[in-house]
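The next block holds one structure in the form of structure tokens; read it before the comments.
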Amino acid sequence: MAEVKVKVQPPDADPVEIENRIIELCHQFPHGITDQVIQNEMPHIEAQQRAVAINRLLSMGQLDLLRSNTGLLYRIKDSQNAGPVSFFLSKMKGSDNQEKLVYQIIEDAGNKGIWSRDIRYKSNLPLTEINKILKNLESKKLIKAVKSVAASKKKVYMLYNVQPDRSVTGGAWYSDQDFESEFVEVLNQQCFKFLQTKAETARESKQNPMIQRNSSFASSHEVWKYICELGISKVELSMEDIETILNTLIYDGKVEMTIIAAKEGTVGSVDGHMKLYRAVNPIIPPTGLVRAPCGLCPVFDDCHEGGEISPSNCIYMTEWLEF
């Protein structure tokens, strides 16, 4: 009589136990795990059961889905980012894995954004599919496109609620990618005027020269406060913005800066130091030859008559001669 072999099916595993085991694996490999890793660790689990557990973890926002050269990667969601992700879960509901992958790539780019070309490179998706996903995410107000001052014809994508980095927008000195030269000039004049007034007040005090000199200095915080009270700026300026303007005055020889030690917590101090500025006047006016542009010209060695750069077509030389 022939022997009958009966194949014993393993009992169905608890879905919660499968999910917990996948989470444990992700913690062990924080850079991500592949489906093959899950299969090797749980060989008795059917492929369909693994897929159900993974899809449930993705839908709950506990895992990130990434694409690499070796295939799909599953990575544990950073707890610090869980808040924003859970906030957008309602809008991401119904999105496929490709859309979630593009969203994750844009989220990882932070406030500097990412070009569509780089999204294509990281996701390995066709450009037509990426453009479709980007439009869909923009319509849901999950992401936004921002024009970059570094490349006028290109846009970078970032999360909808993220404030773009200064390197993208150009900061306070740019408006719609155009450099606000008039605005910078007004700030330049007003900062210098404030320092001049402070220096004149110090001279009129009739005190000894050392006291007059010390009282003619102003911190960058004082200059910033003065500019803010004038109300000449439509955008919010930081102390760093004002220090940038003051640096241009230093380069022009109109202002000098010194750094002093300051108590911790003093307004305007950084790491126990404070920058002080004061208006200065040259002892004697520079001679005409000293003001010649040739002395500071970065292409002086390439300048010669008949060449592409020459004294006859130099606009700086023309302005100096007219002066």
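Quick look at the numbers
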read-out: Residues being open to solvent by 30 Å² or more (accessible area, probe 1.4 Å) and part of a helix (DSSP H, G or I) - total across the range 24-57; value: 16
read-out: Subset of the range 158-172 (residues that are open to solvent by less than 50 Å² (accessible area, probe 1.4 Å) and in contact (Cβ under 8 Å) with a residue 40 or more places away in the chain); value: Met158, Leu159, Val162, Pro164, Asp165, Val168, Gly171, Ala172
read-out: Condition broken by Pro84, with the remaining ones in (1) part of a helix (DSSP H, G or I); (2) open to solvent by less than 70 Å² (accessible area, probe 1.4 Å); (3) farther than 29 Å from Glu17 by Cβ; (4) at pLDDT 85 or above satisfied; value: (4)
read-out: So Gln207, is it part of a helix (DSSP H, G or I) and over 22 Å from the mean Cα position of the chain (by Cα); value: no
read-out: Options Ser181, Ser205, Ser215: the member that is without any contact (Cβ under 8 Å) to a residue 12 or more places away in the chain and open to solvent by less than 60 Å² (accessible area, probe 1.4 Å); value: Ser205
read-out: Hey, Leu230 open to solvent by 60 Å² or more (accessible area, probe 1.4 Å), in contact (Cβ under 8 Å) with a residue 24 or more places away in the chain and closer than 23 Å to Arg166 by Cβ or not; value: yes
read-out: The range 123-145, residues that are crowded, with 18+ Cβ neighbours inside 10 Å, of a type outside the set (A, V, I, L, M, F, W, C) and not in a strand (DSSP E or B); value: Ser123
read-out: Any hit, the range 245-264, residues being part of a helix (DSSP H, G or I), closer than 30 Å to Val149 by Cα and modelled with pLDDT under 85; value: yes
read-out: So Ser148, is it free of Cβ contacts under 8 Å to residues at least 40 places away in the same chain, open to solvent by less than 40 Å² (accessible area, probe 1.4 Å) and of a type outside the set (A, V, I, L, M); value: yes
read-out: Ile33 being at pLDDT 80 or above and touching a Leu at 6+ places or on another chain (Cβ under 8 Å); value: yes
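Every residue, every condition in (1) loosely packed, with under 13 Cβ neighbours inside 10 Å; (2) modelled with pLDDT under 80; (3) not in a loop (DSSP other than H, G, I, E, B), yes or no:
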| site | (1), (2), (3) |
| --- | --- |
| Pro298 | yes, yes, no |
| His304 | yes, no, no |
| Gly307 | yes, yes, no |
| Ser312 | yes, no, yes |
| Glu319 | yes, yes, yes |
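The values are calculated or read from the model by the stated rules, or taken from the named source; none is laboratory data. From a predicted model like this one, the values you see are computed outputs, not experimental measurements. With ideal geometry, Cβ positions are generated from the backbone for all residues, glycine too; neighbour counts draw on all protein chains shown. In case anyone asks, the SASA skips ligands and DNA or RNA and just uses the protein heavy atoms, side chains included. Shrake-Rupley method; radii C 1.70, N 1.55, O 1.52, S 1.80 Å.
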